[in-house]
Structures are given as C-alpha cells and as structure tokens.
Amino acid sequence: MTSVDYPFVVAALSPRVIHYSRAQRGFTLLEILVVVVLMAAVTTLLAVGASRGSGRDVAEESTAKLRATLELLTESSLFRGELLALRLDDQGWEPLRFEVSTGEFEVMADPLARYDMPEPLQLEWEMESPRDATEVSISTAAENLFERPQGSDEPELPQFFFFPSGETSAARFMIRNPDSGLERVLKLDPLGRAELMDDGV
C-alpha cells in the first residue's frame with residue numbers, strides 16, 4: 001500500500017468508526033444514581049450481617065479460650081503439684097502460679113498468659129456457695145491462707161484457686177456482648193470441669 005492510498009482507506013473506514021462511537025454512548029445520570037443507591041444498600045446489609053457474625057464469633061472465641069484456660073489450670077496444678085490461681089477483671093483474666101520461695105503469686109507464660117477480650121465483650125463472675133452452710137469454700141480457705149494486711153501495697157489476691165489435689169473454686173462465668181445482647185455462661189465445678197451452660201441469645 002502506497003502513501004497515496006492511505007487517505008482513501010481512512011475515508012472508507014470513517015463511517016464505521018463514527019457509527020461505532022455513537023453506539024458507545026455513556027450512562028445517564030439517573031442510571032448512575034440507581035447503581036450507587038443499590039451498591040450502598042448491599043454494602044449496608046453486608047456490614048450489618050458481618051458485625052452480627054463477628055460479635056458472635058468473638059464471644060464464642062473468648063468463651064472457648066476461658067474454658068481452655070480453666071481446664072489447663074486444673075490439669076497443670078494436678079500434674080505439676082503447684083498451687084495455681086486466676087485473677088479476673090471485666091476485660092479478661094490472668095493465670096498465676098504460687099512461688100513458694102517468695103510467697104507470692106507470679107504471672108505465667110504462654111499458653112497461660114494474660115488474655116484480654118476484644119471490645120465490647122465484658123466478663124462477670126459469681127462464686128458458688130457450698131451446699132452445706134457449715135462448709136468453707138476453697139476460695140475462702142485460700143484467702144485465709146494468704147490474708148493480706150489492710151492498706152498493703154501488695155497486689156490483690158486472685159479470685160479463683162486450683163489446688164494440686166484437683167479441687168478448684170466453683171463458680172459461674174458470664175461473657176457478655178452489650179451491643180448484641182449475646183451471652184455465654186460457663187460453669188466451673190469443684191473438680192475443675194468447665195461446662196458451657198447457655199448457648200446465648
């Protein structure tokens with residue numbers, strides 16, 4: 001093809017090019033707004049579903065973690081012959097071991113390190129009283145062993161104890177999600193068995 005033929009080729013193709021460009025018209029403003037509204041609605045629905053699912057997941061994960069910690073403390077105390085304990089607050093828990101040489105409770109390492117629950121989860125607990133009013137609970141007996149003077153700068157005693165004999169402080173633990181109303185309840189019996197009592201809301 002010579003350079004002379006080139007303009008004729010362009011002229012022959014021009015109607016097709018023009019016809020093709022007309023078929024490629026853009027979207028109207030109304031069409032774009034409809035698509036944007038639909039995308040926003042779908043995104044909102046997905047976000048709400050994901051937040052509900054994640055709230056349930058984190059509550060179940062924290063409950064499973066607490067249950068594993070309670071069972072591991074019971075087994076470790078029994079097999080290692082050590083007095084172990086658990087200090088709780090509304091955000092998590094901290095396993096401890098009693099060091100005989102210092103007479104103090106010390107922080108433990110993984111897999112029994114401190115655990116902080118993700119927000120907005122909250123932890124509550126209540127001690128179970130002995131069936132016989134004349135009996136003394138394990139926690140009360142342990143507190144009497146490690147009684148601290150009033151006004152002492154020493155850290156607070158843990159609330160739950162795990163003895164080498166296999167006995168533990170019986171209690172109920174509640175992990176709540178105030179945003180969703182979801183609740184998980186664990187019951188710890190005097191032999192260190194942790195059982196999920198409530199499947200939540």
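The values are calculated or read from the model by the stated rules, or taken from the named source; none is laboratory data. The model shown is predicted, which means the values in this text are computed figures rather than measured ones. No Cβ is skipped: glycine too gets one built from the backbone with ideal geometry, and neighbour counts run over all protein chains shown.
Quick notes on this structure:
- A Cβ distance below 6 Å, combined with a sequence gap of six or more or placement on separate chains, defines the contacts here; from the stretch 186-201, residues that are at positive phi and outside any strand (DSSP E or B) reach residues that are at pLDDT below 90 and of a type in the set (S, T, N, Q) in the pairs Gly192/Thr168.
- The single condition among (1) modelled with pLDDT of 90 or more; (2) in a loop (DSSP other than H, G, I, E, B); (3) in contact with a helix residue (DSSP H, G or I) (Cβ under 6 Å, 6 or more places away or on another chain) that Gly166 does not satisfy is (1).
- Pairs with Cβ under 7 Å, 6+ apart, first in the stretch 156-173 and over 13 Å from Leu70 (Cβ atoms), second buried (at least 23 other Cβ atoms within 10 Å of the Cβ) and of a type in the set (S, T, N, Q): Phe163/Ser77; Pro164/Ser77
- Test: residue in the stretch 114-128 that is surrounded by 10 or more Cβ atoms within 10 Å (Cβ to Cβ), over 32 Å from the mean Cα position of the chain (by Cα) and either among the basic types (Lys, Arg) or at pLDDT 90 or above (or both): no
- No other residue among Thr69, Thr74 is within 18 Å of the chain's Cα centre (by Cα), closer than 18 Å to Ala171 by Cβ, assigned to a helix (DSSP H, G or I) and modelled with pLDDT of 90 or more apart from Thr69.
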